[in-house]
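**Student:** Sending over a structure as structure tokens; questions will come in a sec.
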Amino acid sequence: RAIATPSHPIVLFLDDLQWADELSLQLMCTLVADTEINNFLFIGSYRDNEIDDSNPLTTQLHDLKRKEVATIDIHVDCMSKDDVNTLISDTINVQEQLTRPFSDVVYKKTGGNALFVTQFLQLLWDEGLLFYSLEYNTWEWKIDEIDEKKLFDHVGALMAEKICQLPIGCQYIIKLLACLGSKC
């Protein structure tokens, strides 16, 4: 109440609330439901496919609705084929009709998951399958190799692979931090 002012509003964004513990969720709901707090915006995100009626987040969300706290639910789906094509076209500054065969393969490999699409594009660039041609002054891609590329079943596996590409010292620190978990 003391630090959120009209000249210094506070926006708090918390991601992956489906994994939050019950006490943290209770604190979040207490802040959100406090009618005396002004100039405060809370944004929380979660994967609705990873929670059920027994998840503490579900309980807290129902509690907020019962208290008639104003909330806005925004459901974010995967990107469409056209959206993936537009993203790729805009990213590499190539006309959409020219990127369509490439974006179709990217969509097939990623299912339109936005994080997966961006990480996959980065992976293709890292591996030289997506590259800028100085000779032709445009972006090019090796579509056959990309189409044959074995891809991970989910984003987590892709991220794990990226971690394995880090220097050994970084990997060791990440392992140590993972041991701490969420209870520090």
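**Student:** Please work out the Cα center distance from the stretch 101-156 to the stretch 1-37, rounded to the nearest Å.
**Tutor:** The stretch 101-156 and the stretch 1-37 have Cα centres separated by 38 Å.
**Student:** Right, next: To the nearest 10 square angstrom, how much accessible area does Trp125 have with a 1.4 angstrom probe?
**Tutor:** Accessible surface of Trp125 is approximately 140 Å².
**Student:** May I pose another question? Give me a comma-separated list of calculated 3J(HN,Hα) values for the stretch 140-149, in order, Karplus coefficients 6.51, -1.76, 1.60 applied at θ = phi - 60°, integers in Hz, x for any Gly or Pro.
**Tutor:** The phi angles translate into 9, 8, 9, 5, 5, 5, 5, 5, 7, 4 Hz.
**Student:** Right, next: Placing one identical point scatterer on every Cα of the stretch 2-70 and ignoring solvent, what is log10 I(q)/I(0) from the Debye formula at q = 0.12 Å⁻¹?
**Tutor:** Scattering profile of the stretch 2-70, log10 relative to I(0): -0.33.
**Student:** Something else: Summarise the accessible area of the chain (1.4 Å probe, protein heavy atoms) by the percent that is carbon and sulfur.
**Tutor:** Carbon and sulfur atoms account for 57 percent of the accessible area of the chain.
**Student:** So if the hydrodynamic radius of the chain is defined as the Kirkwood radius over C-alpha pairs, what does Stokes-Einstein give as its diffusion coefficient at 25 °C and 0.890 mPa s, in µm² per second?
**Tutor:** Rounded to a whole number, D works out at 122 µm²/s.
**Student:** Please give the solvent-accessible surface of Leu27 in Å², to the nearest 10, using a probe radius of 1.4 Å with every protein chain present.
**Tutor:** About 110 Å², ignoring ligands and nucleic acids.
**Student:** With the crude spin-label approximation of a point 7 Å out along Cα→Cβ, what separation in nm comes out for Thr138 versus Leu177?
**Tutor:** Calculated label separation equals 4.1 nm.
The values are calculated or read from the model by the stated rules, or taken from the named source; none is laboratory data. What you see is a predicted model; the values in this text were computed from it and never measured. Cβ: placed from backbone, ideal geometry, glycine included. Neighbour counts: every protein chain shown. Keep in mind that these areas ignore ligands, DNA and RNA; they rest on the heavy atoms of the full protein, side chains included. Shrake-Rupley method; radii C 1.70, N 1.55, O 1.52, S 1.80 Å.
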